[in-house]
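*Asks:* Encoded as structure tokens, here's the structure I'll be asking about.
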Amino acid sequence: MKKFIGISILVLLAGFSQVNAQSTTSKVGTDVKDGAVKAGNKTAEVASKGKAAVTDQVYKDKVGPNGETIYIDKHSKYYWIDKKGHKVPIEKDKLIIKK
């Protein structure tokens, strides 16, 4: 009977450690996915800003609502680049004077 109880406790402990390992593996997988998304967004942002700096003019006297660099395209449209690399159009009257 003592051997049975001892083996049962050993099996239960092994089961708990396996469940813990699976949750840790899941968390690591989620962390890797989140890191990949962040790296992709930053890469897109840097690439978009680089392209905009080469092809479009930078508005030197004004900035966006949160201090973003403002670009002017060939159609005289104003925009800034967000953290995901997208062009965000902005009206000229919403620009802030650069300090």
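*Asks:* For residues in region 75-99 being surrounded by fewer than 10 Cβ atoms within 10 Å (Cβ to Cβ) and more than 16 Å from residue 49 (Cα to Cα), which is nearest to the chain's Cα centre (by Cα)?
*Replies:* Per the stated criteria, the residue is 91.
*Asks:* Let me ask you something else. Quick one: count up the residues across region 45-68 that are in a strand (DSSP E or B), surrounded by 17 or more Cβ atoms within 10 Å (Cβ to Cβ) and touching an Asp or Glu at 6+ places or on another chain (Cβ under 9 Å).
*Replies:* 0
*Asks:* Can you pull out the residues in region 89-99 that are part of a strand (DSSP E or B) and at pLDDT below 95?
*Replies:* Once the filter is applied, which keeps residues that are part of a strand (DSSP E or B) and at pLDDT below 95, region 89-99 yields 96, 97.
*Asks:* Those residues that are small (Gly, Ala, Ser) and either touching a strand residue (DSSP E or B) at 6+ places or on another chain (Cβ under 9 Å) or within 25 Å of residue 99 (Cβ to Cβ) (or both), I need them from region 51-87; list them, please.
*Replies:* If the condition is that a residue be small (Gly, Ala, Ser) and either touching a strand residue (DSSP E or B) at 6+ places or on another chain (Cβ under 9 Å) or within 25 Å of residue 99 (Cβ to Cβ) (or both), then 52, 53, 64, 67, 76 are the ones that fit.
*Asks:* Are any residues in region 27-65 modelled with pLDDT under 90 and of a type in the set (S, T, N, Q), and if so, which ones?
*Replies:* Of everything in region 27-65, just one residue is modelled with pLDDT under 90 and of a type in the set (S, T, N, Q), namely 30.
*Asks:* While we're on this one: Exactly one condition in (1) surrounded by 13 or more Cβ atoms within 10 Å (Cβ to Cβ); (2) in a helix (DSSP H, G or I); (3) not β-branched (Val, Ile, Thr) is false for residue 71; which is it?
*Replies:* (2) is the only condition that residue 71 fails.
The values are calculated or read from the model by the stated rules, or taken from the named source; none is laboratory data. Note that the structure is a prediction, hence the values are computed from the model and not measured. As a convention, Cβ positions derive from the backbone with ideal geometry for all residues, glycine included, and neighbour counts pool all protein chains shown.
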